[in-house]
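Here is the structure we will look at, set down as structure tokens.
The values are calculated or read from the model by the stated rules, or taken from the named source; none is laboratory data. Computed from a prediction, not measured in an experiment: that's the story for all the values here. When we count neighbours, we look across all protein chains shown, and the Cβ atoms used for this are built from the backbone with ideal geometry, even at glycine.
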Amino acid sequence: MVTLTGKNVVIVGASRGVGRAIARRTAAEGAHVLAVARNPAPLEQLAKQLPGIKTLAIDAAAAAAPASVFTALRPDLLVLCAGAIPPGRPIHELTWEEFSTNWETDVRIAFSFCREALRLPLSRGATVIVISSGAALGGSPISGGYAGAKRTQMFIANYAQKESQRLELGIRFLALAPARIMPDTELGRFAVESYARYLGISPVAFVEGMSSRQTPDDVANATAELATHFTDCSGTAFTISGEGITRAE
């Protein structure tokens, strides 16, 4: 049975929310974890909570970030879950700079790290999991270019997998999309407040209307399961909800 025990795990965007949950999950399984994020303070806090993990404070959207990260620890499992908070207003109230926020962060990070994984390349048998969003499948009308950016992350994982197969590199690329808003994360709280305001209801009422919600721990468990059990599903996109893992259409 494949496990993460003793494996090198790099989590880009590990200082909060889903990334932090994945760091806890993989460290608990005995992996060698490198937690990557832009701000050092949350990383220091995480290192106190999880003794033995390594941390690296770096802007993951910077051009040199992938090379710096892979020098710090060559991953057997690379998880990309860093990204920007999208705007919380309808399209006609946005500037182009606001609309394109997630293209310049989320998409750039997925592109640059998947490209470097192919160019280096990572070791045969390595897995790259890009954390996307259910918005990639259902849209998000007050989030600017967020939904399109998260869909493009899925395409990037698929394109990278095809290149891995063509070049016979043996690297797996997957995309995992949390299906529902998670109110217990920073991004989720912002989304709840923004949509509640847009719809003219209370945040509590908005959350009560959501079904089959997954938690950050559910996403972390799904990430570990995809890395260790779904070995014949490279290049495939999945969703995770309160009902479990399903293939994305």
> Can you tell me which residues in segment 168-185 are within 14 Å of the chain's Cα centre (by Cα) and not in a loop (DSSP other than H, G, I, E, B)?
Replying inline: 173, 174, 175, 176, 177, 178
> What residue, among those in segment 65-96 that are hydrophobic (A, V, I, L, M, F, W, C), more than 16 Å from residue 149 (Cβ to Cβ) and in contact with a helix residue (DSSP H, G or I) (Cβ under 9 Å, 6 or more places away or on another chain), is surrounded by the fewest Cβ atoms within 10 Å (Cβ to Cβ)?
Replying inline: 67
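Does at least one position in segment 141-153 carry a residue that is in a loop (DSSP other than H, G, I, E, B) and surrounded by fewer than 17 Cβ atoms within 10 Å (Cβ to Cβ)? Spell out how you get there, then give the answer.
To start, the set of residues in segment 141-153 that are in a loop (DSSP other than H, G, I, E, B) comprises 141-142, 144-145.
Filter again for surrounded by fewer than 17 Cβ atoms within 10 Å (Cβ to Cβ), leaving 141.
Among the residues of segment 141-153, at least one is in a loop (DSSP other than H, G, I, E, B) and surrounded by fewer than 17 Cβ atoms within 10 Å (Cβ to Cβ), which makes the answer yes.
Test residue 113 against the criterion of being part of a helix (DSSP H, G or I), buried (at least 24 other Cβ atoms within 10 Å of the Cβ) and either of a type in the set (Gly, Ala, Ser) or at pLDDT 95 or above (or both), and give yes or no.
Numbers: part of a helix (DSSP H, G or I): yes; buried (at least 24 other Cβ atoms within 10 Å of the Cβ): yes; either of a type in the set (Gly, Ala, Ser) or at pLDDT 95 or above (or both): yes.
Against the criterion (part of a helix (DSSP H, G or I), buried (at least 24 other Cβ atoms within 10 Å of the Cβ) and either of a type in the set (Gly, Ala, Ser) or at pLDDT 95 or above (or both)), residue 113 qualifies.
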>> Any residue at all in segment 116-132 that's hydroxyl-bearing (Ser, Thr, Tyr), within 24 Å of residue 4 (Cβ to Cβ), crowded, with 23+ Cβ neighbours inside 10 Å and at pLDDT 95 or above?
In response: yes
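Can you tell which of 205, 248, 196 is under 20 Å from residue 140 (Cβ atoms), hydrophobic (A, V, I, L, M, F, W, C), surrounded by fewer than 23 Cβ atoms within 10 Å (Cβ to Cβ) and at pLDDT below 95?
Sole residue among the options that is under 20 Å from residue 140 (Cβ atoms), hydrophobic (A, V, I, L, M, F, W, C), surrounded by fewer than 23 Cβ atoms within 10 Å (Cβ to Cβ) and at pLDDT below 95: 248.
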